[in-house]
Amino acid sequence: MEARENNFNFIRDEKRVVIPFFQRAYVWKDMHWNQLLKDLKCSFLEKKEHFLGSIILKRNNGVENYSTIIDGQQRLTTFSILVKVLYDFLEQEQKEKLELKTYLFSKKESKINHSRLDKEKYEKILKDKDIDNQEKEGIFGCFNYFKKEIENLKQNINLSKFVEFIIESKLWVVVCLNANEDEQKIFDSINSTGQKLSSTDIIKNALFDKIIKITDEDKAMQYYEKYWDNVFDKDEEEQNFWNEEIESGRVKRSKSEIFLHSYAIIKGIFNSDSDSLSNLSSLYKDYIKNLKENELENLLSELKDYAKIYRNFPNINKETVLKYKNYELRFFHIIHTYSMNTVLPLILFLKKMLVKKENIYKQCLYLLEILMMYNFETKDYNKFFSKVIKKIQKVNFDDIANIIRIEIFDKYGKCFNKKEIKEWLTNIDNYDAKFVLFWIELYRQDKNKDYKDNTLGLNYVYTLEHLLPKSWQEHWSDIISDEKQAEKFIYQIGNMTLLKGKLNTSLKNQNWQFKLNGDGKVKNYIRKNADLLINKELLDKKSWDTKEIEKRTKKCIDDFFEIWDVNIFNKNNE
């Protein structure tokens, strides 16, 4: 290994610099572009060299004279695009004097042979063809950002001298590895500036680096295209899906990392009792280091199968139409609402295992759904669901639901306490009440013959309203005598309902008839939301008092126990 300070002339010494096909797409954003240009500008004005970071290259051991970029492709790509933008602003005489083309091209080919994910756009920039001038992200975004900034910069500095400075200054530390050196170890130890690699990036790099080592790059490319590319990288839509971050516990994690963690639990790569998510990529690398080619292909094939299942799981959002009978959507609505992604490894495994046994899959989801609705303490879920996966991996299909039921009851049986659930529903917060009332509404619609066959389902877009308001003193003092009594009735689920949009401030604290029928001026009131059964039942109420609240609360509690029937865990069923 050779490491030395260098200027951008190092790129001229290479016939080609190749970014491996398996490296991640270009991810730098405007904050990175801004910092790079700011640092270079300050360095130029102060006549001081600035360290941009390291570039790790590995020499090809074949006949061709080229190097592979092991680390630094984001910085190198960004810097080369900046040089191209500056090149476009210079006069022809200045371009020739600085020989800028030799930094960008080798004969007619691009000096940097970009990874397939960004190759097309990068080539368009260098060759001035079909550039999307409105794009603000990715390769085109970088080009457009620098183009705008250099237009402003040229008013204040000599661009020719600026270009000469950034090319000739020793801004880089270039590390050159010999063909027999292990670049993965070097790569993993680098703590570079910019946007850190995700666990997904590192795992992908390790997988295909391993395949290249035991086969060759052509074979690795075949595996990549067959098993990885058409699932994770095939287009921007798929890349955006897997890169999207969602709530997972106390932090946000990308869907790809959540998926790879789920798969690692299923395969036993990750031990929920002892392993940490921060070590996920290391655990994968340890797992694959002794695998043979056929074992690696089997791993990639299984990853692909599981990834397709994960990709097709319901994506819950405000546009999702929910119906009571759609059990899978109901289950995923709970996961989405309460950020319970720790159950995903088990669901992923069940979905694959029970692909031809939908009834058993449905039973399993219902058991887990009841657990999540009754149990308020979720901190051990990751360990529990991992244990369940290990248990059901060893049993017949027909025993799976019963095993899950027994395991849930043994671990969480004490939480299936109807008395505690009743207490919760008589002093419930708005977030939980909105969810419970929404599913009570869908349950009632399913039971009602006038709704069952005609309803189109509902979107989860409602606002929770207290019928007896929190500010009760002015218009409700004939029903409520003091704060203690108010606390007892205001937060019962029977005193709450769902509306399409909040009530006008002047209306929400008014007396019952005003809230029910409006005053002829306001746009929203309870009667206007009578398409919901939980509101339709209120229309004939001449008044709203504590007896009505208690009666409606009891009805809601009964519905809750019918929707999520905890009796299914009765041990006499074993």
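The values are calculated or read from the model by the stated rules, or taken from the named source; none is laboratory data. It should be emphasised that the depicted structure is a prediction, and the values quoted were computed from it without experimental measurement. When we count neighbours, we look across all protein chains shown, and the Cβ atoms used for this are built from the backbone with ideal geometry, even at glycine.
All conditions in (1) surrounded by fewer than 16 Cβ atoms within 10 Å (Cβ to Cβ); (2) in contact (Cβ under 8 Å) with a residue 24 or more places away in the chain hold for K127, with the sole exception of (2). Determine if segment 42-52 includes at least one residue that is within 24 Å of A206 (Cα to Cα), acidic (D, E) and modelled with pLDDT under 85. Looking through segment 42-52, none of the residues is within 24 Å of A206 (Cα to Cα), acidic (D, E) and modelled with pLDDT under 85.
When the residues of segment 274-298 are filtered to those that are closer than 18 Å to K226 by Cβ and free of Cβ contacts under 8 Å to residues at least 12 places away in the same chain, the one that is surrounded by the fewest Cβ atoms within 10 Å (Cβ to Cβ) is N294.
Evaluate the following for S192: is it under 19 Å from L37 (Cβ atoms) and modelled with pLDDT of 85 or more? No; evaluated as a whole, the condition is false for this residue. Identify the residue in segment 500-539 that is of a type in the set (G, A, S) and under 22 Å from K318 (Cα atoms) and, among all such residues, is modelled with the lowest pLDDT. Among those that are of a type in the set (G, A, S) and under 22 Å from K318 (Cα atoms), it is G501.
Among the residues of segment 458-468, the ones that are within 38 Å of the chain's Cα centre (by Cα) and in a loop (DSSP other than H, G, I, E, B) come to 5 in all.
Of the residues K38, K48, K58, which is charged (D, E, K, R), crowded, with 17+ Cβ neighbours inside 10 Å and in the same structural domain as L153 (by TED's automatic domain parsing)?
Going through K38, K48, K58 in turn, just one is charged (D, E, K, R), crowded, with 17+ Cβ neighbours inside 10 Å and in the same structural domain as L153 (by TED's automatic domain parsing): K58.
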